[in-house]
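Engineer: Once you've had a glance at the structure underneath, I'll fire off some questions.
The values are calculated or read from the model by the stated rules, or taken from the named source; none is laboratory data. Fair warning: this is a prediction, and the values are worked out from it, not measured in the lab. Counting neighbours? That spans all protein chains shown, and the Cβs are built from the backbone with ideal geometry, glycine included. In case anyone asks, the SASA skips ligands and DNA or RNA and just uses the protein heavy atoms, side chains included. Shrake-Rupley method; radii C 1.70, N 1.55, O 1.52, S 1.80 Å.
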Amino acid sequence: MKAVSPGSRGPTLRALGLTLPLVAFIGVTFLAPLAAMLVRSVYDPVVADALPETLQALAPWDGEGVPSEAAFAALASELVAASDARTVGQVATRLNRVESGLRSVVTRTARRLRNAEINPDATTPWRDAVVSVADAWEDAGTWRAIRRAGERVTPRHYLNALDLDQGAHDEIVRQPEDLRIYVPLLVRTLVVSTSITVLCLLLGYPVAYLIAHAAPTRANLLLLLVLVPFWTSLLVRTTAWIVLLQSRGVVNDLLVTAGVIEDEQRLQMIYNMTGTIVAMTHVLLPFMVLPLYAVMRTIPSLHMSAAASLGASFGQAFRRVYWPQTLPGVGAGSLLVFILAIGYYITPALVGGRTGQLISNMIAYHMQQSLNWGLAAALGGILLACVVGLYLLYDRLVGVERMRLG
């Protein structure tokens, strides 16, 4: 084995030193938040930390009927302690996510047990005291919910994100039909992202072709027009479509003036899926045009001329000569647009209305309003898995090495 001389280590160490700031930046701003999200999606220690003795007493319980007196005694003691520590609200919230209606039961029980009178002569004094507060404590489902919520590492959030749940015996079952919202929303997001990618390709390919084959002065002007949206706020670009597409907006006024539709037949093109698709296509179109243009400008025009000289029509020359050479740009633009579209939030929130929302809006809802960060992290994890799966599929079918951005 050839030894590395000390003199040759200097350039290598300097190169590594120059990359350290970039590695640290990526680690702090990307990898660490991503890891925190994935951990939060499966780790929830709130109930386990607040009710350890209760969970220990429930360990030998078979899940049928009501547990032993020791479980009731431990529950009463730990609920009062959680109330003193002001964490009973967090415990109640976690339990309510597993079994609806338990939040009020838990908070009321903790409040009343503080001054409850225990009958020392009773056979089950703590059970009597707890059950006297709420009949829900005689339901085995309540105690099963405590045991499920007490799991520190749990698949519960991912099951909920896939419209699944755990049954009475920990079997995986589907949610009731009226509660299945996340899978349809994820499917809608994938369909909308695919549709926007196709629309951007259909609109962006001719634009990129025109820019790549225009005279230098005209090409620079056209490229400037493509880049203008990047210099305009995303919020401004999105809200501009509200002015254009609303029922009393510019587009409807032009259609009425031209006699295409009657005044009482104005089209509803905003606050629905139409508005979402139109606005997102406009915002993401440059991300398709630029990779296509970067590839097209490297294709010599002599290729099409040579194909024509050999007797090929324009359609044949385009299909067999020009189109295959642009596939790296098509792949790069399509992948870039799809990945951006699948995680879009602001545009659907502003112009989507009720029917134009995507999975990112539900993630934002759980982060900002319901404060169910575990479920939001699980939805984000599933979205990440979809993106990684798409990337691997693209790499297998096309090859990432063929993707070009310039």
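Engineer: Which trypsin sites (Lys or Arg not before Pro) from segment 53-148 combine a DSSP loop assignment with at most 10 other Cβ atoms within 10 Å?
Structural biologist: ARG86
Engineer: Given a Förster radius of 45 Å and the C-beta distance between TYR345 and GLU117 as r, what FRET efficiency does 1/(1 + (r/R0)^6) yield to the nearest 0.05?
Structural biologist: With a Förster radius of 45 Å, E is 0.25.
Engineer: Taking the chain as a Gaussian network, where each spring joins two C-alpha atoms under 10 Å apart, which residue of ALA50, ALA258, ALA129 fluctuates the most?
Structural biologist: Most flexible of the set in this elastic network: ALA258.
Engineer: Show LEU102, LEU327 ordered by accessible area, largest first, where the area counts protein heavy atoms only and the probe is 1.4 Å.
Structural biologist: LEU327, LEU102
Engineer: Between segment 85-144 and segment 219-238, what's the alpha-carbon centroid distance in Å?
Structural biologist: That distance is 60 Å.
Engineer: Any idea how far apart ASP263 and ARG396 come out in nm if each label point goes 7 Å out from Cα toward Cβ?
Structural biologist: 5.9
Engineer: Let me ask something else. Can you list residues whose amide H is under 5 Å from GLN166's amide H, if they're 5+ apart or on another chain and H is modeled 1.01 Å from N?
Structural biologist: Correct list: VAL173.
Engineer: Here is a further query. Describe numerically, in nm with one decimal, the distance between label points set 7 Å from Cα along Cα→Cβ at TYR209 and at VAL236.
Structural biologist: 3.3
Engineer: Let me see the pair-distance distribution of segment 133-227: every alpha carbon pair, 5 Å bin width, integer percents in order.
Structural biologist: The percentages, shortest bin first, are 2, 10, 12, 12, 9, 9, 6, 6, 6, 6, 6, 6, 4, 3, 2, 1, 0.
Engineer: Under the rule of -39500 (n - 2.57) per DSSP H run of 4 or more residues, summed and divided by the residues of the chain, what mean residue ellipticity at 222 nm is obtained, to the nearest 500 deg cm²/dmol?
Structural biologist: Computed ellipticity for the chain at 222 nm equals -20500 deg cm²/dmol.
Engineer: When every alpha-carbon pair in the chain is counted, what percent end up more than 26 Å apart?
Structural biologist: Result for the distance tail: 69 percent.
Engineer: Taking loop as defined by DSSP and a crowding limit of 15 other beta carbons within 10 Å, which trypsin sites (Lys or Arg not before Pro) in segment 308-393 fit?
Structural biologist: Hits after loop and neighbour filter: ARG354.
Engineer: Identify the trypsin sites (Lys or Arg not before Pro) of segment 163-248 meeting these criteria: DSSP loop state and at most 11 other C-beta atoms within 10 Å of the C-beta.
Structural biologist: Those satisfying the criteria are ARG248.
Engineer: Follow-up. Tell me, what ³J(HN,Hα) does each residue in segment 318-328 have, in order and in whole Hz, if you take phi through Karplus 6.51 cos²θ - 1.76 cosθ + 1.60 with θ = phi - 60° and put x for Gly and Pro?
Structural biologist: 5, 5, 9, 10, 7, 4, x, 6, 8, 4, x
Engineer: Report the one residue of LEU203, ALA48, ALA306 whose Cα lies farthest in the direction of the positive end of the charge dipole of the chain (charges on C-beta: Lys and Arg +1, Asp and Glu -1; origin at the Cα centre).
Structural biologist: The one lying farthest along the dipole's positive direction is ALA306.
Engineer: Further, regarding this structure: Compute the longest continuous run of the chain that contains no exposed GluC sites (Glu not before Pro); treat a site as exposed when its DSSP state is not H, G, I, E or B and it has at most 11 other Cβ atoms within 10 Å.
Structural biologist: 263-406
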